[in-house]
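The values are calculated or read from the model by the stated rules, or taken from the named source; none is laboratory data. Worth saying up front: this structure is predicted, and the values here are computed from it rather than measured. Using ideal geometry, Cβ is built from the backbone for each residue, glycine included, and neighbour counts are taken over all protein chains shown. Side chains are part of the model used for accessible areas, which takes the heavy atoms of the whole protein and leaves out ligands, DNA and RNA. Shrake-Rupley method; radii C 1.70, N 1.55, O 1.52, S 1.80 Å.
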2 protein chains.
Amino acid sequence: MPLMHDASVPTVTRALTNLISVLEKGAAHAEAKKIDPSVLIGSRLYPDMFPLSRQVQIAADIAKGGIARLAQAEAPKYDDNEATFAELVERVRKTIAFLESLKPAQFDDGARTVTFPVQKDTKTMPGARYLYTRVLPNVFFHCTTTYNILRHNGVELGKGDFLGPITD
Amino acid sequence: MPLMHDASVPTVTRALTNLISVLEKGAAHAEAKKIDPSVLIGSRLYPDMFPLSRQVQIAADIAKGGIARLAQAEAPKYDDNEATFAELVERVRKTIAFLESLKPAQFDDGARTVTFPVQKDTKTMPGARYLYTRVLPNVFFHCTTTYNILRHNGVELGKGDFLGPITD
């Protein structure tokens, strides 16, 4: 069983699908309250934290880069030039499409090592450890921070938007 | 292989260990800047969001409740009365000790179903799906929100505090 596929692709695709819902609620809030959407897109929780747009870009980058490594695939590169909610949603959609294009057979059970950049160095560890200690926490960090930035700005969101519907 | 053990206990123990580091940096910041620690502990990102103390309590509750279900064990119950950083850290430490007391043999490969409360109802799904779609996202959500509340209040934290050191 290609565990690394089953533990990563549905989990992260779901997180990104929920991220799209959160962004769409942000866009709807801006429209309803006649707020310039760029105010929300440029909002930060602290002056030296990244703004919402960068949080979304990084969530997508960790998702596609991290999971591509597990699949021994090449991740697509996107310009970091999204300036609207629609463009941010499109980046997330492209990322989901890439994840869904990966075939379970490209993955293993998590024993295969991956090498990834850390600042100016690289590190190598088993794929399972990489998924559970780096990729998943990091994707959820940036999805949560996007949610928190919008919540902090008064967008009506609940944790159900972050977790998504229970379909079973 | 008891996959549900390997995917859950080390992952969540690590998230909670990092949460302790984040809380300790919050406590040190309050002391250095002569801020009443209860100001940080009661801080929220929005008036109807939970304060930091509740974020930590929920992170611990999702961790012990969710993983206990996967192990068919009974989770300990804690009073929600922590009022200091030291007490919050202690709650997280007790939670880690509980997780580490669970034996791999109590877990399965993720096919066994779990039943969990959702508002006034219950839901049942395979353990693997429960771990990846509910437990892990939810634990990371509350750990990230704790980090974001402190960061928003000027505590000097970086994502390395959230992710923890790379030990391999």
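Summary table below
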{"read-out": "Residues that are in contact with a Phe, Trp or Tyr (Cβ under 8 Å, 6 or more places away or on another chain) and within 13 Å of chain B (Cβ to nearest Cβ), drawn from the range A:20-49", "value": "A:22, A:44"}
{"read-out": "Single residue of A:100, A:156 found to be at pLDDT 95 or above, open to solvent by 10 Å² or more (accessible area, probe 1.4 Å) and under 19 Å from the mean Cα position of the chain (by Cα)", "value": "A:100"}
{"read-out": "Residue within the range B:81-94 that is surrounded by fewer than 18 Cβ atoms within 10 Å (Cβ to Cβ) and within 12 Å of chain A (Cβ to nearest Cβ) present", "value": "no"}
{"read-out": "The one condition in (1) in contact (Cβ under 8 Å) with a residue 24 or more places away in the chain; (2) under 15 Å from residue B:13 (Cβ atoms) that residue B:75 fails to fulfil", "value": "(1)"}
{"read-out": "Residue within the range A:67-77 that is of a type outside the set (Asp, Glu), on the phi > 0 side of the Ramachandran plot and in a loop (DSSP other than H, G, I, E, B) present", "value": "yes"}
{"read-out": "Residue in the range B:60-73 that is open to solvent by 60 Å² or more (accessible area, probe 1.4 Å) and touching a Lys or Arg at 6+ places or on another chain (Cβ under 9 Å) present", "value": "yes"}
{"read-out": "Subset tally (residues that are more than 9 Å from every other protein chain (Cβ to nearest Cβ), out of contact with any His (no Cβ under 9 Å at 6 or more places or on another chain) and in a helix (DSSP H, G or I)) for the range B:103-129", "value": "1"}
{"read-out": "Unmet requirement for residue B:106, which otherwise passes all of (1) in contact (Cβ under 8 Å) with a residue 60 or more places away in the chain; (2) in contact with a Phe, Trp or Tyr (Cβ under 6 Å, 6 or more places away or on another chain)", "value": "(2)"}
{"read-out": "Qualifying positions in the range B:23-52 - open to solvent by 20 Å² or more (accessible area, probe 1.4 Å) and in a helix (DSSP H, G or I)", "value": "B:24, B:25, B:27, B:28, B:29, B:31, B:32, B:37, B:38, B:39"}
{"read-out": "Condition broken by residue B:136, with the remaining ones in (1) open to solvent by less than 40 Å² (accessible area, probe 1.4 Å); (2) modelled with pLDDT under 95 satisfied", "value": "(2)"}
{"read-out": "Residue that is most open to solvent (accessible area, probe 1.4 Å) [pool: residues in the range B:112-132 that are β-branched (Val, Ile, Thr) and closer than 21 Å to residue A:8 by Cα]", "value": "B:113"}
{"read-out": "Residue match in the range B:143-158 (condition: part of a loop (DSSP other than H, G, I, E, B) and closer than 23 Å to residue A:22 by Cα)", "value": "no"}
